[in-house]
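One structure is given here, and the rest of the page talks about it.
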Amino acid sequence: MITKPKGTIDVVKEDALLWNYVNYVVDDMMKSYNYEFIRTPIFEASELYHRTVGNTSDIVKKETYDFKDKGNRDLTLRPEGTAGVVRSYLENKEYASPDTKKYYYNGTMYRYERPQAGRLREFTQFGVEVLGSNDPAIDAEVISLQYHILEALHISNLQVNINSLGDGESRLNYKDALIKYLEPHIKDLCEDCQERFKTNPLRILDCKVDADSDILKNAPKTIDYLTKEAKERFDTVLKYLDILDIDYEVNPKIVRGLDYYDHTVFEIVSLDNEETRQSVLGGGGRYNKLIKELGGPDSYGIGFACGIDRIIALMKDIDLYKDIQREIDCYVMYVSEEEKLHALDIVQNLRLNGVVTETDSLNKGLKGQFKEADRLNAKFLLILNNEDLKRGLVNVKDNHTKEEEAVDISEIVEYIIGNL
Ligand code: AMP
């Protein structure tokens, strides 16, 4: 038997219901915040990720799915969403727009990671990118949007961990201090960190292996090296978050895994499963240098990404999915071919009027059809029989109260809609 590739999942049964529910809530909240949907290719020129995510990041060094197509082009399955959205913004000259562009996306991402709980090779993220504005209120808006999507999914106990990397000057000052601090300890860190020390020391703070070591715990903090302007900017973001009533904690450990961040960086965690890495439901940050880096004008950007697979795993862990059940409005039952002709017509009529309707497709007897209607949690049963049909009537049974009523065939749709 052919099985699914390692690190991928099938979204089926209650996971599929949750999947649709999460997407529905995401779309709804994105609309309220006035974000426009964008879809970019699943593969892009490999160079895009080398220029944006950065050659020294774990993602590009070890985790991308790279391939050559038949025309010998170097392509990469997208490991994240920001680079593609910014590429599209530039390619379509959207920066010429006088407005702030606020995009949201939702799609699969690919990273060749070691599969484990909460870490897949194909996973799905929804996220936003806001391009063209450097207003600290946008930083607060993006964080609030992510927070409120999770809250709308009834995930409580959320905490935003926030930090600032500052501007270019702050980052340089910090990098110097970090190198000085780490130099005497470097041999005690993991092999990857020893390599990171040479290529990108900031990344060491993000290391999963050394996370709990005293060396990292006592490392200098980015917020102590911010320039006056960067510090003021960060304080303003925090003030706006207070106004928006978002719970946050300034956490110097948050530096984020990608090369392109500056100023505000944040992660949102569920305190319900804090002990696992899986508790990080999403994160993001500002990337003011990225647009220029990709050949665009000097501009501004900020975004976040949230993992849907991880959200669904959490919703199941904390039993949030109990209330979400598959259910239909009507199940239409028949036995004879003559009854079936009426059934087909009634089913179509109900469906086209937005009533969720199912009927038999396995030639089951009435008993089997009753059972199937129960399995599907049908609210109403329409039990067709020739006698009633000749008089222009259909027997409608409320499957919860068990009450039955003969309804005029021409009034079925109104009757069902009126009683749902
Ligand atoms: P990142 O793009 O690494 O900042 O990740 C943002 C969010 O995407 C994480 O908080 C997770 O919810 C999700 N995510 C990232 N990598 C994976 C993965 N390998 N498998 C499942 N979800 C992931």
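The values are calculated or read from the model by the stated rules, or taken from the named source; none is laboratory data. What you see is a predicted model; the values in this text were computed from it and never measured. A quick note on method: Cβ atoms are made from the backbone with ideal geometry, for glycine too, and the neighbour counts reach across all protein chains shown. Accessible surface is based on the protein model in full, side chains and every heavy atom, while ligands, DNA and RNA are left aside. Shrake-Rupley method; radii C 1.70, N 1.55, O 1.52, S 1.80 Å.
What angle do you read, to the nearest 10 degrees and between 0 and 90, between the alpha-carbon axis of helix 308-317 and the longest principal axis of the chain?
Its long axis makes an angle of about 70 degrees.
Percent of Cα-Cα pairs more than 22 Å apart in the stretch 328-419, please. Could the numbers behind the result be given before it?
Details: 630 of 4186 pairs.
Cα-Cα pairs of the stretch 328-419 separated by over 22 Å account for 15 percent.
With point charges of +1 on the Cβ of Lys and Arg and -1 on the Cβ of Asp and Glu, referenced to the Cα centre of the chain, which listed residue (VAL128, MET109, TYR415) lies farthest in the positive direction of the dipole?
Selected residue: MET109.
Taking a ≥ b ≥ c as the square roots of the Cα gyration tensor eigenvalues, with a/c under 1.5 meaning rounded and otherwise prolate when a/b beats b/c, else oblate, which class fits the stretch 169-226? Don't skip to the answer; put the middle values down first.
Details: a/c = 1.85, a/b = 1.51, b/c = 1.22.
In terms of gyration-tensor shape, prolate.
List, largest first, the extents of the alpha carbons of the chain along their principal axes, each in whole Å.
Projected onto its principal axes, the Cα set of the chain covers 91, 52, 45 Å.
Round to the nearest 0.05 the FRET efficiency obtained for LYS253 and ILE328 when R0 = 41 Å and r is the Cβ-Cβ distance.
On the way: r = 48 Å, r/R0 = 1.17.
Efficiency at R0 = 41 Å is approximately 0.30.
May I ask you to give the solvent-accessible area per residue for the chain, in square angstrom, as obtained with a 1.4 angstrom probe?
With all protein chains present, the chain gives 51 Å² per residue.
Over the stretch 328-419, with every protein chain in place, what whole percent of the accessible area is carbon and sulfur at 1.4 Å, could you tell me?
Numbers: 2540 of 5250 Å².
Summing carbon and sulfur atoms, their accessible area is 48 percent of the total for the stretch 328-419.
Any idea what the dipole of the stretch 95-176 comes to, in debye rounded to 20, about its Cα centre with Lys/Arg Cβ at +1 and Asp/Glu Cβ at -1?
Numbers: 8 positive and 11 negative charges, 98 e Å.
Rounded to the nearest 20 debye, it is 480 debye.
Using unit Cβ charges (K, R positive; D, E negative) and no other charged atoms, how large, in debye to the nearest 20, is the dipole of the stretch 32-123 about its Cα centre?
Numbers: 16 positive and 14 negative charges, 38 e Å.
The dipole magnitude comes to about 180 debye.
To test your reading of the geometry: what angle, between 0 and 90 degrees and rounded to tens, separates the Cα axis of helix 136-152 from the longest principal axis of the chain?
With rounding to tens, the tilt is 40 degrees.
In nm, to one decimal, how far is the ALA177 label point from the THR8 one, both placed 7 Å along Cα→Cβ?
Distance between the two pseudo-spin positions: 4.7 nm.
Counting Lys and Arg as +1 and Asp and Glu as -1, each charge on the Cβ, what is the dipole of the chain about the Cα centre in debye, to the nearest 20? Please report the intermediate quantities before stating the final value.
Working: 55 positive and 75 negative charges, 320 e Å.
So the dipole magnitude of the chain works out to roughly 1540 debye.
Helix 337-352 versus the longest principal axis of the chain: what is the Cα-based angle in degrees, 0 to 90, to the nearest 10?
40 degrees
Of LEU202, ASN173, ASN218, which is farthest towards the positive pole of the stretch 169-226's charge dipole, taken about the Cα centre with +1 and -1 on the beta-carbons of Lys, Arg and Asp, Glu respectively?
Farthest towards the positive end: ASN173.
From the phi of every residue in the stretch 74-88, what ³J(HN,Hα) in whole Hz does the Karplus formula 6.51 cos²θ - 1.76 cosθ + 1.60 yield, where θ is phi - 60° and glycine or proline is x?
7, 10, 9, 5, 4, x, 6, x, 4, 4, x, 5, 5, 4, 5
Just from its helices, what would the mean residue ellipticity at 222 nm be for the chain, if runs of 4 or more DSSP H residues each count -39500 (n - 2.57) and the sum is divided by every residue, rounded to the nearest 500 deg cm²/dmol? Don't jump to the answer; show the numbers that get you there.
Details: 14 runs with 148 residues, N = 420.
It lands at -10500 deg cm²/dmol.
Given the options GLY283, LEU90, LEU145, identify the residue whose Cα lies farthest towards the positive end of the charge dipole of the chain (+1 on Cβ of Lys, Arg; -1 on Cβ of Asp, Glu).
Farthest towards the positive end: LEU90.
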